[in-house]
Amino acid sequence: KWFNVVAMPDKDFMGGIRKNVYGTLAIAILATILVVWIGLWILNWVTGDIKLLSEAVNKVDSGSIEHPIDIRRKDEIGDLANSFRAMQYRLQTDHLTGLPNRYAFEQYLSALLESKDDNPPRPFAVLFVDINDFKLINDRYGHDTGDKALIEIALRLRTHIRQNDLVARYAGDEFVVILNDVKTRADLQEIKVNIEKALWEPLQTLNQTTPHGGGAVGEAHFPEDADNSKDLVIIADQRMYARKEAMKSGKR
């Protein structure tokens with residue numbers, strides 16, 4: 001038997017194999033890095049929007065009445081964000097007037113008093129507004145016209161406050177206003193008089209050119225009158241009724 005033996009340097013024999021192995025390892029490492037990077041990017045993209053949703057829930061719970069989230073996605077998280085926005089709107093909005101409702105007002109008022117940004121909280125005022133003899137409007141013109149009158153009154157109130165103030169429908173023909181950064185109760189008088197003047201203007205809904213019964217406004221100032229939300233509302237409500245009685249006595 002004959003055997004052929006060929007001798008060659010190790011580097012010539014293993015060189016090609018090592019080159020292929022190293023090339024394969026380099027490609028595998030690059031692919032792993034790419035996969036990890038894409039995974040982290042997707043994770044950050046998903047968890048970032050989930051964090052926004054979580055923060056929005058906390059803001060609503062703490063009294064914010066803004067629309068705090070802007071998530072535009074066409075997946076389950078996007079559907080969840082859309083549902084949250086719709087839920088937040090229904091939870092905090094009066095369906096007739098489009099104003100914040102009583103719940104939104106109470107949350108906003110609590111947030112003002114518990115604000116961590118301002119310690120102590122800045123002075124502000126609460127106004128309680130009641131439309132005089134509104135039942136007569138419903139009885140004379142019907143509830144549909146009464147609803148339209150409430151919408152007109154709501155718009156009138158909104159246009160007679162500053163952008164950073166809040167007007168909300170409290171119940172029925174009652175409205176509440178929060179005026180931010182009002183230093184003293186004396187500073188309220190001009191605002192209160194202007195609102196009452198606006199309420200005395202004829203309602204276009206009723207096709208009238210003469211004033212209707214107008215409305216009565218009561219005020220409460222933080223911290224002069226009270227330092228908690230319950231008492232502020234009670235005091236403003238009591239002063240509103242006192243003002244209403246004064247109007248009945250002919251004192252406009």
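The values are calculated or read from the model by the stated rules, or taken from the named source; none is laboratory data. Quick caveat: nothing in here was measured; it's all calculated off a predicted structure. Cβ atoms come from the backbone with ideal geometry, glycine included; neighbour counts cover every protein chain shown. To get the accessible areas, we keep the full protein, side chains included, count just its heavy atoms, and leave off ligands, DNA and RNA. Shrake-Rupley method; radii C 1.70, N 1.55, O 1.52, S 1.80 Å.
One decimal place: the segment Gln238-Thr159 gains 25.9 nm when fully extended, by the rule 0.36 nm per residue minus the C-alpha distance. Close amide H contacts of Val182 (hydrogens built in the peptide plane, cut-off under 5 Å, sequence separation of 5 or more or a different chain): Phe124, Ala125. FRET efficiency for the pair Leu91 and Asp144, taken as 1/(1 + (r/R0)^6) with r the Cβ-Cβ distance and R0 = 30 Å, rounds to 0.70.
Solvent exposure of Ile33, expressed as accessible area, is near 100 Å², computed with a probe of 1.4 Å over the protein chains only. Over 31 Å apart at the Cα level, from the set Lys135/Lys183; Lys148/Lys192; Lys197/Lys230; Lys135/Lys230, are Lys135/Lys183. Determine the sum of side-chain charges near Gln189: Lys and Arg each +1, Asp and Glu each -1, restricted to other residues whose C-beta is under 11 angstrom from that of Gln189. Once all neighbours under 11 Å are counted, the net charge is -2. Both radii come from the Cα set of the range 134-252: Rg as radius of gyration, Rh as Kirkwood radius; their ratio Rg/Rh reads 0.97. Given a 1.4 Å probe and the protein chains as shown, Leu34 ends up with an accessible area of around 100 Å². Across the range 174-184, rounded Karplus estimates of 3J(HN,Hα) from the backbone phi angles (6.51 cos²θ - 1.76 cosθ + 1.60, θ = phi - 60°) give 10, 10, 10, 10, 10, 9, 7, 6, 9, 5, 9 Hz, Gly and Pro being marked x. Label-to-label distance for Gln204 and Arg185 is 3.7 nm, based on points extended 7 Å past Cα in the beta-carbon direction.
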